[in-house]
Amino acid sequence: MKISLVIILTIMTLSSVNTTYAFDFSNDQSTQLALMQKPEANRVGYKPYPTDINHDIKKGQRVWQSEINTLQTWAQLSTPIRDAEMSKFVINIKNNNVYFIDANVFTLHKDFVLGYLLKLPYNAENIKSFNRNYSTQKPDFILGYITHYPNMNEWAFSFWEGDKIQAQQINDVAEHLKQHFKIASLKFRPDSSYQERVALQLNKKRITVIKNKQLYKSMPFQAFNTGKAIGKLTIVPSSTHLEDLQFNPNEIVILQQSYPDISPVSGIITTQFSTPLSHVNLRARAWNIPNATLKTAVQDFSHLNGQWVKLEVNEQKLTLVKASEEETLNSQRSEQEKKHVSLAKSDVHYKTLDTLNEIRLKDVGHFGAKTVHLGEMKQAGLPVPQGFGIPFYYYQLHMHTNGLDKKLEALLNDPNFKDPTWRKSKLLDLQSAIRQAPIDAKVLSMIDQRWKSTLENAPVFARSSTNAEDLARFNGAGLYDTVPNIKSLPKLEEAIKQVWASLWNKRAVDEREYFGIPHTQVYAGVLIQVGINASAAGVLLTTDIWSHQPETYTINAKWGLGMRVVEGQKIAEQILYDTTNQGTRVISRSDESTMLVFDKAGGIKEINVPKTEAIINESRAKQLGDLAKQVQALFPDYPTLDIEWVLEKNALGRDQFWLVQARPYLSKN
């Protein structure tokens, strides 16, 4: 039997704050398990080990070892977590004793140190004293983690991301581990910006550093959405272009390159890593279908291409086998269960170009959810770039004045509309007609005057704000178009028409079909908003999508405007921010070599990314976390928020965060 082990070594640096922190979590990058310990009065369901913990331990049970010489010992002390196993250890600084702890008995290092080793009560004074072991000057203990990545044959030791451990202490820990941990050689993995800086000071002859980026990209498997499905397997050739992708909802697809989007399917396997917040992964979550990355999927399953298969994805692995005849017949006979999303009632007669200062949630029927959410945030004093909304009325006017409403009606009523190839061609024709038809001269003049009077003719973005996006059950991420850095009225007219036309992007039509949204009830609004020439941009989720720890946020970041660069999608920087202790944990650093910025002539251009710093450091994570808490307070009906942000360097070189979108994040059904 093959035994996979994860040993986690914890060095606990305790702050002077009278709070207990979360320190015990797997270093496995696929889980980023952070078992958070809250202040005792608030920690739901937490029962610390009593000082007579020996009464709770089975007779003869060894709950720690001073050395690890065999895999069998680790099997006894470790706990499996997804595709890894975890244990803990403590080093007593004063006498150099090393304790490898049974993770099945002790959830937290504090449980072992206070409850078992020192047999002290869990009062405020003892907790405060214990927490000082996370500071630079550790009075008593070092606590850390060791992780085994069996599929990559890598072992690494690391520390809680909030630990202010010094380089010499890390060197000392490495020496202790060499003496007491005999199974494999260990590399040091920094988990925060601070620790990445400290890693530069280490003795490179004694310690090898392995970064999260290396581990994340090397992982052979990553589950993004768990579940089961039956469908016809299609392995998409690696040379297939985005515009040539066309699937039926009953297909399970293997994708060999990164695509910004696909049409509805029954299951997705990718062979290249992206992030959980890529559009394809967000689609899979919305459709509630199994979705994972497996680098060897083509080699493993090429013999099943074109056959009906059964796919199952869990946190540890995926299985793909040929479906039985009965399973295939049942799947073919059963109609796909439709999800019906009800749209709010829209008012297509409202004509005023209101500013964000004037727009509230009650105006959703005029301007769409994106614009009204930003209006609420602007009114609350949050840093939202100024803008104004073009209500649904002017889209309807454009369609009617140019006879495009009749063209659309004929398209939707045509029996061939269900044919994907025919529909794609006709939608392109409709979009071209929308873009070519002129906007009414009086309307365009009114928009121009609003641009000059409200936004002082600043460069702007034209952003979609339809009534079929940013909803609690339909977020519509990436379905519609945004046009950046517009500097002239002719370009603004083109941009507005492009956003209107994007209501009929094929991906948008396919998505609405899947969710049972009537196309006759959708309307396109446009948000004209001051453009921020961002040095970085990204998304913050008010949840932990990696290890599901409460009060932890997920932050994704990319250099520049955050839009897709010419070379294609790359792995974004991924951070977990613990709001209870301001811990900033690095999952991956961005691997992008280029970024998009404003072009002086208008539009955008591609330049090389800076190489001198991480995008999100501890200070920036805290700033974003504080802003996110304020946004959460504005929208209490949304359990989890998806917040888009941009980072600008102001004239003094200081960070200025701007919030440019907030919408409900779709939880897994």
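Observations, loosely collected:
- Nitroxide proxy distance, nm - points 7 Å out along Cα→Cβ at Lys128 and Ser239: 7.0 nm
- Seen from all directions on average, segment 271-384 presents a Cα convex hull projection of 12.0 nm².
- Note that segment 96-241, at 10 °C in a medium of 1.306 mPa s, gets a Stokes-Einstein diffusion coefficient of 87 µm²/s from its Kirkwood radius over C-alpha pairs.
- Rounded FRET efficiency, nearest 0.05, which uses the C-beta distance separating His548 from Ser324 and R0 of 30 Å: 0.35
- Distant alpha-carbon pairs in segment 386-512 (separation over 18 angstrom), percent: 56 percent
- Nearest-0.05 FRET efficiency for Asn248 and Glu315, computed from C-beta distance (R0 41 Å): 0.90
- For segment 441-452, Karplus couplings with θ = phi - 60° (6.51, -1.76, 1.60), whole Hz, Gly/Pro x: 4, 5, 5, 4, 5, 5, 5, 4, 5, 5, 4, 6
- Calculated from the alpha-carbon coordinates, segment 459-538 shows an Rg and a Dmax of 13.5, 40 Å respectively.
- Whole-Å distance, taken between Cα centres, linking segment 382-424 and segment 214-260: 30 Å
- In segment 241-298, inverting the average of 1/r over every pair of distinct C-alpha atoms gives 11.4 Å as the Kirkwood radius.
- The lysines whose alpha-carbon is closer than 21 Å to the alpha-carbon of Lys119, local same-chain residues fewer than 8 away aside, are Lys38, Lys47, Lys58, Lys59, Lys88, Lys94, Lys110, Lys128, Lys138.
- Per residue of the chain, the DSSP helices (runs of n ≥ 4 H) give a summed -39500 (n - 2.57) that works out to -7500 deg cm²/dmol at 222 nm.
- Ellipsoid fit via the Cα gyration tensor, the chain: semi-axes of 49, 30, 21 Å, each the root of five times an eigenvalue, largest first.
- Heavy-atom accessible area with a 1.4 Å probe sorts His349, His366, largest first, into His349, His366.
- Entries in Lys295/Lys322; Lys213/Lys558; Lys497/Lys558; Lys487/Lys558 that, when Cα-Cα distance is taken, lie over 18 Å: Lys295/Lys322; Lys497/Lys558; Lys487/Lys558
- If you model segment 341-392 as an ellipsoid using its alpha carbon gyration tensor, with each semi-axis the square root of five times an eigenvalue, the axes come out at 19, 13, 7 Å, biggest first.
- Nearby aspartates and glutamates by direct alpha-carbon distance to Lys442 (threshold 14 angstrom, same-chain neighbours under 8 apart not counted): Glu493
- In plain terms, the bigger the Kirkwood radius, the slower the diffusion; for segment 446-579, with that radius from Cα pairs, at 37 °C and 0.692 mPa s, Stokes-Einstein puts D at 193 µm²/s.
- Taking θ as phi - 60° and the Karplus parameters 6.51, -1.76 and 1.60, the scalar couplings of segment 478-492 work out to x, 7, 10, 9, 10, 10, x, 6, 8, 10, 9, 5, x, 5, 5 Hz in sequence order, x denoting glycine and proline.
- Rotationally averaged projected area of segment 502-598 (alpha carbon convex hull; nm²): 9.2 nm²
- Take every Cα pair under 8 Å whose residues are at least 6 apart in sequence, average their separation, divide by the length of segment 141-222, and the relative contact order is 32 percent.
- When only Cα pairs below 8 angstrom with a gap of at least 6 residues are kept, the chain shows a relative contact order of 12 percent.
- Backbone amide hydrogens, once placed in the peptide plane, bring Val341 within less than 5 Å of Ile517, excluding anything fewer than 5 places away on its chain.
- Tensor-based shape of segment 199-258 (alpha-carbon gyration tensor, a/c under 1.5 rounded, otherwise prolate or oblate): prolate
- Rg(Cα)/(2.2 N^0.38 Å) for segment 115-172, N = residue count: 1.41
- Cβ-derived FRET efficiency at R0 60 Å, Thr208 paired with Asp405, nearest 0.05: 0.35
- Between Glu358 and Lys94, the modelled labels are 7.1 nm apart [label points 7 Å from Cα along Cα→Cβ].
- Relative to the longest principal axis of the Cα atoms of the chain, the long axis of helix 369-379 lies at roughly 70 degrees.
- Counting DSSP beta bridges with both ends in the chain, the antiparallel % (nearest 5): 85 percent
- Here the spin labels are modelled as points 7 Å beyond Cα on the Cα-Cβ line, and at Lys452 and Asp637 they lie 4.0 nm apart.
- Share of Cα-Cα pairs in segment 590-633 lying beyond 14 Å, as whole percent: 65 percent
The values are calculated or read from the model by the stated rules, or taken from the named source; none is laboratory data. Every value quoted in this text rests on a predicted model; they were computed, and no experiment measured them. Cβ sites come from the backbone with ideal geometry, for glycine too, and all protein chains shown count toward neighbours. Areas reflect the complete protein model, heavy atoms only, side chains present, ligands, DNA and RNA absent. Shrake-Rupley method; radii C 1.70, N 1.55, O 1.52, S 1.80 Å.
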